[in-house]
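The values are calculated or read from the model by the stated rules, or taken from the named source; none is laboratory data. Quantities reported herein were computed from a predicted structural model and do not represent experimental measurements. Every residue, glycine as well, gets a Cβ built from its backbone with ideal geometry; the counts of neighbours run over all protein chains shown.
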Amino acid sequence: MRRGPHPKRPGARLRAWGTHPNSPERGVRVTSNGSDCLARMSGWLLKYFDNRVNTAWEPARALSQAPPEDTMAGKKYKKAIEGWEPTKKYSVDDACAIIPKAKVSTKWDETVDVAVRLGVNPKYADQMVRGSVVMPSGTGKTKRVLVICKTEKVKDALEAGADYAGNDEYINKIKDENWFEFDTLVATPDMMVSVGKIGRVLGPRGLMPNPKVGTVTADVAKAVKELKAGRVEFRVEKAGVIQTPIGKASFQPEALAVNLRALLDQLIKLKPSTAKGTYVRSITISTTHGPGIKVDTAAYVGVVKD
């Protein structure tokens with residue numbers, strides 16, 4: 001009895017195992033009704049990659065190489081990097097003195113930000129760096145402060161400069177009316193149970209009070225005065241970077257230097273005991289649209305031995 005498909009049926013003829021005429025690859029089982037295309041494609045791919053083994057990834061390498069800086073920079077950016085070296089590391093005073101030259105926009109007062117890369121791993125709880133610092137020269141921005149406290153402390157909060165002060169009426173207003181006409185929320189410890197009820201709407205906006213940054217305190221008057229004077233909160237990101245504003249481009253260089261030193265001193269105080277190696281790895285300051293100015297970390301490098 002004959003086994004296998006009938007040879008007269010269309011597409012049923014099978015060639016023996018072996019080399020196909022159009023394919024350099026041996027051992028390809030083909031048929032006359034379509035597998036010839038597979039064999040031809042296989043041979044073509046092998047030939048293609050054999051001939052281009054050293055050049056197959058040239059387009060990818062070309063895309064990965066960044067074009068020269070002068071081909072991407074605009075006229076204002078080129079002007080902002082004149083008179084100083086972008087690759088050089090400057091002292092705190094010298095870096096802040098470059099800020100007026102590195103400003104790009106002339107229509108509005110740009111914010112001066114600092115990015116500090118720390119030698120910590122934030123995925124570990126004992127290496128989380130978070131806190132707040134009062135900028136001696138201010139930040140150039142006025143914060144709207146809401147204080148949630150008992151009735152007897154409402155007057156003290158308002159006299160200290162709080163924009164809003166109260167208890168359950170503001171909690172209900174946030175919950176029911178989705179009211180967020182404030183930038184910072186300060187709460188007393190005895191009101192945190194009530195504030196926790198709206199934690200789901202405060203948390204994603206970064207408004208949830210936290211004792212680590214001084215927004216959960218019994219001394220609401222002191223907290224309000226510090227916030228109005230220019231206290232900023234910071235928290236390390238996943239990459240180990242802390243980024244926060246230290247003033248405006250219109251500030252005097254001396255005022256920016258005082259604010260930057262205050263922040264760096266606070267970061268040194270918050271250094272985790274479990275951090276290994278170099279603690280302050282890099283410091284860069286810049287305006288909103290301006291180039292980054294590198295700051296020498298020699299005075300702030302903290303090395304912890306294993």
Query raised in the report: Can you tell me which of G206, G214 is without any contact (Cβ under 8 Å) to a residue 12 or more places away in the chain and either surrounded by 15 or more Cβ atoms within 10 Å (Cβ to Cβ) or within 24 Å of P122 (Cβ to Cβ) (or both)?
Result: G206
Requested in this report: Give the residues of the range 117-172 that are over 25 Å from R281 (Cα atoms) and among the aliphatic types (A, V, I, L, M), sorted by residue number.
Outcome: V145, L146, V147, I148, V154, A157, L158, A160, A162, A165, I171
Report summary line: Only unsatisfied item for S250, checking (1) touching an Asp or Glu at 6+ places or on another chain (Cβ under 7 Å); (2) surrounded by 21 or more Cβ atoms within 10 Å (Cβ to Cβ), is (2)
Requested in this report: Considering only the range 155-168, state which residues are among the charged types (D, E, K, R) and either over 17 Å from G196 (Cβ atoms) or assigned to a loop (DSSP other than H, G, I, E, B) (or both).
Outcome: K155, D156, E159, D163
Query raised in the report: Mind checking which residues of the range 64-99 are assigned to a helix (DSSP H, G or I) and at pLDDT 90 or above?
Result: V92, D93, D94, A95, C96, A97, I98, I99
Query raised in the report: With K294, K271 as the choices, which residue is within 16 Å of P122 (Cα to Cα) and either within 21 Å of the chain's Cα centre (by Cα) or outside any strand (DSSP E or B) (or both)?
Result: K271
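Here's the yes/no breakdown for (1) assigned to a helix (DSSP H, G or I); (2) at pLDDT below 90:
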{"position": "K101", "(1), (2)": "yes, yes"}
{"position": "V112", "(1), (2)": "no, no"}
{"position": "A115", "(1), (2)": "no, no"}
{"position": "V120", "(1), (2)": "no, no"}
{"position": "S132", "(1), (2)": "no, yes"}
{"position": "P136", "(1), (2)": "no, no"}
{"position": "G140", "(1), (2)": "no, yes"}
{"position": "K143", "(1), (2)": "no, yes"}
Report summary line: Considering residues that are under 23 Å from the mean Cα position of the chain (by Cα) and under 16 Å from R130 (Cα atoms), the number found within the range 200-213 is 8
**Report entry** Residue check for K173: touching a helix residue (DSSP H, G or I) at 6+ places or on another chain (Cβ under 7 Å), surrounded by 13 or more Cβ atoms within 10 Å (Cβ to Cβ) and among the basic types (K, R)
**Finding:** no
Query raised in the report: What helices (runs of 4 or more DSSP H) lie completely within the range 182-259 and have 1 or more residues being at negative phi and among the polar types (S, T, N, Q)?
Result: 192-195
Query - One residue from I268, I293, I242, I285 being of a type in the set (V, I, T), under 26 Å from A187 (Cα atoms) and in contact (Cβ under 8 Å) with a residue 24 or more places away in the chain - result: I242
Query raised in the report: Quick one: how many residues across the range 169-181 are of a type outside the set (K, R), touching a Lys or Arg at 6+ places or on another chain (Cβ under 8 Å) and in a helix (DSSP H, G or I)?
Result: 1
